[in-house]
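Worksheet: one structure, shown below.
Any read-out appearing in this document is the output of simple, stated calculations on the displayed coordinates, not a laboratory observation. Treat the numbers as computed from the prediction; the structure is a model and nothing was measured. A quick note on method: Cβ atoms are made from the backbone with ideal geometry, for glycine too, and the neighbour counts reach across all protein chains shown.
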Amino acid sequence: MGWGKTHYWDKPDGAAPVGHYLGGIVIRPELRRRGLATALTQTRLDWIWARAGEAFYVVNASNLSSIELHRQWGFAEAARAPRCHTTGFTGGVGLLMRAVRPAPADLR
Ligand SMILES: CC(C)(COP(=O)(O)OP(=O)(O)OC[C@H]1O[C@@H](n2cnc3c(N)ncnc32)[C@H](O)[C@@H]1OP(=O)(O)O)[C@@H](O)C(=O)NCCC(=O)NCCS
């Protein structure tokens with residue numbers, strides 16, 4: 001149906017810091033808008049929140065579906081760059097997005 005991963009970068013790269021990054025989420029086109037990416041992302045963030053107080057992902061500035069998806073966890077733009085670690089961006093503009101771990105009472 002789809003997949004997603006987390007990746008720990010142990011070296012900074014420009015504006016992209018050391019830390020836990022969400023990556024690679026893709027849902028089969030015919031199965032989108034059913035909450036699958038939300039479920040995969042909640043599971044990955046639960047894993048990260050058990051280990052760190054902040055999480056990152058990088059996204060093409062034109063990828064509004066991904067930006068909207070991640071808004072529910074409070075991801076906000078932290079930097080813009082033509083590359084982040086090993087990721088380049090078609091069109092040349094990528095966003096580094098950052099969210100912080102919710103307070104214990106607000107964890108889902
Ligand atoms: C982005 C992607 C992973 C979303 O997967 P999904 O399973 O459809 O997402 P969900 O059903 O969990 O959507 C949750 C919310 O995200 C937002 N969202 C998802 N797709 C959207 C779209 N095409 N346009 C606008 N908002 C969108 C909506 O707020 C949605 O809630 P709603 O359906 O109640 O309106 C999917 O479109 C995809 O695989 N895209 C191609 C790969 C990609 O761009 N990955 C991200 C790389 S950073």
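Taking the Cα centre of the chain as origin, work out the dipole magnitude from +1 charges on Lys and Arg Cβ and -1 charges on Asp and Glu Cβ, in debye rounded to 20.
Using only the charged Cβ atoms, the result is roughly 220 debye.
Using only the alpha carbon atoms of the chain, find the Kirkwood hydrodynamic radius as the inverse mean reciprocal pair distance, in angstroms to one decimal.
Averaging 1/r across every pair of different Cα atoms and inverting gives 14.3 Å.
Which residues does the label zone of residue 100 cover in segment 31-46, counting backbone N under 20 Å from a point 7 Å along Cα→Cβ?
The answer is 45-46.
Net charge within 12 Å of residue 14 by Cβ-Cβ distance, Lys/Arg positive one each and Asp/Glu negative one each, not counting residue 14 itself?
Charge balance in the 12 Å sphere: +2.
Relative contact order for segment 2-106 using alpha-carbon pairs under 8 Å, separation at least 6, rounded to a whole percent?
Averaging sequence separation for qualifying contacts and normalising by length gives 26 percent for segment 2-106.
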